[in-house]
1. Quick one: residue 482 ticks every box in (1) surrounded by 21 or more Cβ atoms within 10 Å (Cβ to Cβ); (2) under 20 Å from residue 171 (Cα atoms); (3) in contact (Cβ under 8 Å) with a residue 24 or more places away in the chain; (4) of a type outside the set (A, V, I, L, M) except a single one, so which number is it?
2. Go through 43, 84, 100 for me and flag whichever is farther than 20 Å from residue 434 by Cα and touching a strand residue (DSSP E or B) at 6+ places or on another chain (Cβ under 9 Å).
3. Determine, yes or no, whether residue 396 is outside any loop (DSSP other than H, G, I, E, B) and on the phi < 0 side of the Ramachandran plot.
4. Is it true that some residue in the range 51-67 is on the phi > 0 side of the Ramachandran plot and surrounded by 16 or more Cβ atoms within 10 Å (Cβ to Cβ)?
5. Do the conditions hold for residue 462, that is, is it buried (at least 22 other Cβ atoms within 10 Å of the Cβ) and under 18 Å from residue 259 (Cβ atoms)?
6. Among the residues of the range 122-160, write down those that are acidic (Asp, Glu) and in a helix (DSSP H, G or I).
7. Of everything in the range 442-459 that's open to solvent by less than 20 Å² (accessible area, probe 1.4 Å) and touching a Lys or Arg at 6+ places or on another chain (Cβ under 9 Å), which residue is farthest from residue 194 (Cα to Cα)?
8. Does residue 291 count as among the hydroxyl-bearing types (Ser, Thr, Tyr) and surrounded by 20 or more Cβ atoms within 10 Å (Cβ to Cβ)?
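The values are calculated or read from the model by the stated rules, or taken from the named source; none is laboratory data. Not measured: the values here are computed from a predicted model. Note that we place each Cβ from the backbone using ideal geometry, even for glycine, and neighbour counts take in every protein chain shown. Ligands, DNA and RNA are stripped out before the accessible areas are found, and what is left, the full protein with its side chains, is counted by its heavy atoms. Shrake-Rupley method; radii C 1.70, N 1.55, O 1.52, S 1.80 Å.
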Amino acid sequence: MKYIYNICICAIKILSLILVAFVLFICVTNRVLIKQNQSECAIFLKQSAAFYIFLPVSTVCIIFGKKLLEKISEKQLFLAAAVIYLAAGLFIIANIDSAIRADAQAVFEAARHINRGEYDTLQSGGYLFLHPNNLGITTYFRVLTAVMDSTKFVFFVNLLFVIAANWFIYKIAAMLSENSFARKYTIIFSFAFLPQLFFIVFVYGTIPGFCCTVAMVYFAVKYIRSTQRPYRKKTDIVLCTAVAALAMAATLLKSNYIIASVAMASILILHSMNSRRASCVLLSAFLLAASVFSTQAVTAYYSEISGEKIEGVPSVLYIAMGMQESKRGPGWYNGYHDSVFMDVGMDREKAADVGKAYIVQRLNDFSENPEYAREFYKGKIVSTWCEYTCESIWTGPRSDYNQKVDTAVLQNLYGEGKLYSLYYLFCSLIIVNLLIFTFIYQIISFRKKQFDVCCLFPLIFFIGGFLFHIMWETKSQYIYMYYLMLTPLAAGGVAETCEFIRQKIISKRKTP
């Protein structure tokens with residue numbers, strides 16, 4: 001078992017190292033701009049001269065900023081960052097329109113209707129009938145609107161979830177590393193990742209789902225740590241329940257977060273191989289079951305109250321959509337799944353057959369023209385991972401939807417002014433530095449005899465997200481959580497780099 005464990009660890013390390021290096025390479029050489037209008041068109045560009053100038057400057061500043069961190073404690077640093085985020089978030093909320101649009105609006109209005117006993121969106125052809133994957137976020141909105149029926153209240157709750165998510169990321173780093181500087185850099189990286197701040201006005205389950213995900217990871221790591229001490233029944237039951245409940249909540253809020261459940265189940269199974277604790281295998285099964293069956297239970301509940309059997313658009317149509325050319329970008333969302341489903345009279349079997357036939361056709365096209373297939377998937381990957389704002393501005397208020405923005409600062413940002421260009425550059429520098437220092441951390445981990453299996457979670461999560469969006473339909477807004485989850489590892493890479501410089505360079509200069 002130990003032999004299999006070592007092979008699995010080595011395989012994950014090598015695969016994730018290759019993937020991080022690949023994403024780092026495409027990010028250093030490419031950039032993608034999203035037009036801030038209804039077209040949502042991805043524009044492919046080469047990296048700017050400003051990026052190449054400021055990247056080494058930013059990397060050096062991160063490394064040599066260590067001295068400044070010596071003067072502040074971890075708690076003070078987190079509190080200061082949280083206060084700044086809270087102030088900035090409140091400023092954004094106060095100065096933007098309360099109106100929302102697209103799917104977020106459809107789900108929010110559906111929650112209002114159901115709270116009033118109106119089930120039109122659950123009936124045949126209704127929004128939730130077509131998209132039952134949004135029933136979880138609908139339930140969440142039903143709770144929030146019962147407290148206060150205001151989108152700005154939801155924005156504020158999102159802001160609290162962002163700060164809470166950063167706190168859990170910091171606490172995860174605290175369990176994974178004894179290095180105080182690594183924990184401080186985790187705080188800096190997580191709060192410097194600004195797309196999450198601007199996502200507070202995008203009320204579509206992404207932020208609360210991510211908070212539940214990192215909380216799930218935190219309690220799962222605590223449980224793994226608990227298996228290294230004498231058995232405590234009550235504590236372990238509480239931890240297992242928290243892990244399963246949070247995984248369930250994350251998946252209900254955003255179905256893509258099942259990737260995190262699979263990643264954590266993998267970690268638990270790997271740990272059981274090394275520790276020979278069967279309870280970890282049981283928890284992994286419990287975790288996955290909670291994620292899968294919770295969505296079925298919620299769908300069954302709404303089918304019961306609406307009197308309509310809700311099944312929704314077949315998943316195969318999303319895969320087919322991910323293989324199509326689109327005005328937005330290769331493999332990007334284009335509404336194909338809905339149009340096919342409606343064209344066949346909402347017959348799931350017929351719709352699935354159409355999707356399967358299309359997939360076979362596209363596979364034949366790709367096999368007959370490998371060069372076209374390479375260019376298609378290159379465009380899909382680059383447009384997904386190299387749009388550094390992760391559409392955090394595009395998903396916010398826009399003038400072409402008559403969503404108003406107050407103050408010159410926000411008008412310049414949301415109107416693609418100079419501030420937007422600076423924001424884009426800053427986001428690109430943060431993401432690339434996350435990848436650089438994660439890569440360094442991975443290289444160093446190969447040299448360490450003792451390796452914490454929990455450190456693999458961000459990497460397995462990253463691999464899962466990358467593979468999923470090659471197969472599924474894509475958008476750049478779908479991937480911010482995979483970058484953000486790398487922060488504890490990137491922070492560890494910074495700390496290791498600082499220590500290397502201290503030992504190999506500075507100490508040599510001091511030696512007579």
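1. Condition not satisfied by residue 482: (3).
2. That would be 43, the only listed residue that is farther than 20 Å from residue 434 by Cα and touching a strand residue (DSSP E or B) at 6+ places or on another chain (Cβ under 9 Å).
3. On the way: outside any loop (DSSP other than H, G, I, E, B): no; on the phi < 0 side of the Ramachandran plot: yes.
Against the criterion (outside any loop (DSSP other than H, G, I, E, B) and on the phi < 0 side of the Ramachandran plot), residue 396 does not qualify.
4. Within the range 51-67 (the criterion being on the phi > 0 side of the Ramachandran plot and surrounded by 16 or more Cβ atoms within 10 Å (Cβ to Cβ)), the answer is no, since none of the residues qualifies.
5. Answer is yes for this residue.
6. none
7. This residue is 445.
8. Yes.
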